[in-house]
Amino acid sequence: MMTVLITGASSGIGAGLAKSWADDGYRVIACGRDPARLAALQQHSPNISVCQFDMTDGEACRIALSDCRPDLAILCAGTCEYLDRGEVDAALVERVMRTNFLGPVNCLAALQAQLVRGSRVVLVSSMAHWLPFPRAEAYGASKAALSWFARSLRLDWEPKGIAVTTVSPGFVDTPLTRKNDFAMPGQVSVDSAVTAIRRGLAKGKDHIAFPVGFGLMMRLLAALPDVVQRTLLRRMVRP
Ligand SMILES: NC(=O)c1ccc[n+]([C@@H]2O[C@H](COP(=O)([O-])OP(=O)(O)OC[C@H]3O[C@@H](n4cnc5c(N)ncnc54)[C@H](OP(=O)(O)O)[C@@H]3O)[C@@H](O)[C@H]2O)c1
């Protein structure tokens, strides 16, 4: 039976993916920090086992993930915090980078010896780094770093037969985005996100971006000259 390891499985997109694969008979290792939410997820299906650790702690990752041998590892856990009034809060930036960039790196380091030819790792990034959105200095930089890491890793792991996929969602309705106090165009449900991710993986894609229409608009904006991008994005700067 195929084993799918998912970080960030206690909430949002990760929880949706865990339930979907478990319902289809896959063995799912669901990772997160919150024991209550992990226990609730485990109730969903006997195919789900849970693994509790903080992925910003490299040693905790190494111990927790020492014997998983996943066929598919989805590194979905992440956080989002914005800077306010252009004030650079170093502690905030560190928290976001540790969770969104160094956390997945810790997981990859812990899992790499267990990955065999034919296995795949999936790094959940975001469209947020395609354009320099105001307030998203930390979040955008963390996802840009993760996506860049994935691009190089894809080449280095290709000869080993290990595939690397990046996922770039637009807005998905989860606890992470429910904190946002701004309009979220093109927002989709967790169910649509799960369908898009699973469809892309079934096709063996290196990059999965959804929703498609919003992604196309973002790509078009990202292709504009910097001065035009800034003129458009300046309107989003808060007084
Ligand atoms: N929602 C969106 O619109 C959107 C858009 C683009 C990209 N994304 C990305 O998609 C991923 C999932 O987001 P979501 O919206 O589903 O968020 P979510 O509902 O807030 O879930 C975040 C998950 O990450 C886990 N997590 C956070 N910090 C962790 C840590 N230090 N160690 C271990 N686990 C940790 C949480 O576990 P515990 O709660 O158990 O600690 C939780 O399961 C994130 O990487 C996010 O950046 C989301």
Within the range 176-197, which residues are more than 14 Å from MET127 (Cβ to Cβ) and surrounded by fewer than 16 Cβ atoms within 10 Å (Cβ to Cβ)? ARG178, LYS179, ASN180, ASP181, PHE182, ALA183, SER189, ASP191, THR195
With the condition being among the basic types (Lys, Arg), crowded, with 21+ Cβ neighbours inside 10 Å and near the ligand (Cβ under 9 Å from one of its atoms), I'd like the helices (runs of 4 or more DSSP H) fully within the range 1-102 carrying at least 2 qualifying residues. none
Scope the range 107-158; condition surrounded by fewer than 18 Cβ atoms within 10 Å (Cβ to Cβ), among the aromatic types (Phe, Trp, Tyr) and away from the ligand (no atom under 15 Å from the Cβ); matching residues: TRP148
Got a number for residues in the range 1-49 being among the aliphatic types (A, V, I, L, M) and touching a residue at least 40 places away in the same chain (Cβ under 8 Å)? 9
Only one of LEU220, LEU233 that is on the phi < 0 side of the Ramachandran plot, surrounded by fewer than 15 Cβ atoms within 10 Å (Cβ to Cβ) and free of Cβ contacts under 8 Å to residues at least 12 places away in the same chain: LEU220
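So that you can scan it fast, the table gives a plain yes or no per residue for (1) part of a loop (DSSP other than H, G, I, E, B); (2) aromatic (Phe, Trp, Tyr); (3) more than 30 Å from ALA90 (Cβ to Cβ):
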{"position": "LEU123", "(1), (2), (3)": "no, no, no"}
{"position": "ALA141", "(1), (2), (3)": "no, no, no"}
{"position": "ALA145", "(1), (2), (3)": "no, no, no"}
{"position": "ARG151", "(1), (2), (3)": "no, no, no"}
{"position": "LEU155", "(1), (2), (3)": "no, no, yes"}
{"position": "THR165", "(1), (2), (3)": "no, no, yes"}
{"position": "THR195", "(1), (2), (3)": "no, no, yes"}
{"position": "PHE214", "(1), (2), (3)": "no, yes, yes"}
{"position": "ARG234", "(1), (2), (3)": "no, no, no"}
Pairs with Cβ under 6 Å, 6+ apart, first in the range 166-188 and more than 8 Å from the ligand (Cβ to nearest atom), second not polar (S, T, N, Q): THR166/LEU123; THR166/ALA150; THR166/HIS207; GLY186/GLY170; GLY186/PRO211; GLY186/PHE214; VAL188/VAL172; VAL188/PRO211
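Where a number appears in this text, it was derived from the coordinates with a stated rule and is not lab data. Predicted model, so just to flag it, every value in this text is computed and none were measured. Quick reminder, even Gly has a Cβ in these numbers, built from the backbone with ideal geometry, and neighbours come from all protein chains shown.
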